Amino acid sequence: MSSDDEVREEKELDLSSSDVVTKYKDAADIINNALKLVVSLCKPKAKIVDICEKGDSYIREQTGNIYKNVKRKIERVTGKAADVLAAANTAAEVALRLVRPGKKNKDVTEAIQKVAAAYDCKIVEGVLSHQLKQFVIDGNKVVLSVSNADTKVDDAEFEENEVYAIDIVTSTGEGKPKLLDEKQTTIYKRAVDKNYHLKMKASRFIFSEISQKFPIMPFTARALEEKRARLGLVECMNHELLQPYPVLHEKPGDLVAHIKFTVLLLPSGSQRVTSHSLQELQPTKSIEDNAEIKAWLALGTKTKKKSGGKKKKGKKGDAAEAVPMEEGSNDANKE
């Protein structure tokens, strides 16, 4: 393949292709509806695993179909629960406005920590936001949740036509969750750069199924057909053929909020395509007097092209049209 062909193929896989943009949005619609479904199933005595299975089933059904509402009264969230949710939501809104061409990953890291502190919360350590590409969910450009001596990434600048998964986790505690029990891990990803001749028949069987069904993307153990063959996961893990996504725990009594979304850096601006509306919050803290956070929230997400005049040298100087946060979502003064 010539270098011109490689460049053309690469371009067709980024946001310069309208088909790629459409597919991201179609996938986002499925996820948004799946979130609505699982939230509606969250009732007293409902089993989390049952809710997850119904969410997975919905996603499989919808993704299989493509290309080939009863309202309930929900009480207002108050106290520390509202604080941690408001911290995560506001941090996500700030990140959305800072993940834009010309800005750097460290700008986002510093900002979201300040937002969490304003609500007397902490950003949870060890959470990474990654650039996305086709079949790649952990691209080279990374945004740290917390920058410290133990965790460092290369400085990177956001560019037009890139896609990012922004992962925000806030806590009312120290923000340093611990792994308590490896047996709680149920999500894995095949390590494509590792090879080993497995000894156990169950291990070979399960790894063959994983290689066929989930060669590059994460999967949940309950998606494997042969339940008994899950015993083979242990040998696969011991020889690093699988990358685990462990369950981490904060201290008892601490509250945690998690918001994750996909943002497309289009020529027209930054567009968040996955989202879920929050129920009404009444946090004990307010950002009304925090000029820095309010300035971030006032930043635009849409690029407004200038008409006429001198030719611009680059895209970093384009004016941006402000898109405010959803009114009332973090209202600390609402009675």
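Side notes on the structure shown:
- Label point distance in nm, residue 138-residue 40, each placed 7 Å from Cα along Cα→Cβ: 3.5
- Burial ordering of 130, 197, fewest other beta-carbon atoms within 10 Å first: 197, 130
- For the range 182-248, the square roots of the Cα gyration tensor eigenvalues, ordered a ≥ b ≥ c, give a/c below 1.5, which places it in the rounded category.
- Shape call, the range 111-188: gyration tensor on alpha carbons, a/c limit 1.5: oblate
- Among the listed pairs 122/260; 25/104; 189/302; 176/260, those beyond 27 Å (Cα-Cα): 189/302
- Likely footprinting exposure, 18, 286, fewest C-beta neighbours within 10 Å first: 18, 286
- Per-residue Cβ neighbour rank within 10 angstrom, fewest leading, 135, 158, 219: 135, 219, 158
- Inter-label distance, nm, simple model (7 Å from Cα along the C-beta direction), residue 114/residue 48: 3.4
Every read-out reported here was derived from the displayed coordinates using simple, explicitly stated rules and does not represent laboratory data. Keep in mind it's a predicted model, so treat the numbers as computed, not measured. Heads up, the Cβs are rebuilt from the backbone with ideal geometry, glycines too, and the neighbour counts pull from every protein chain shown.
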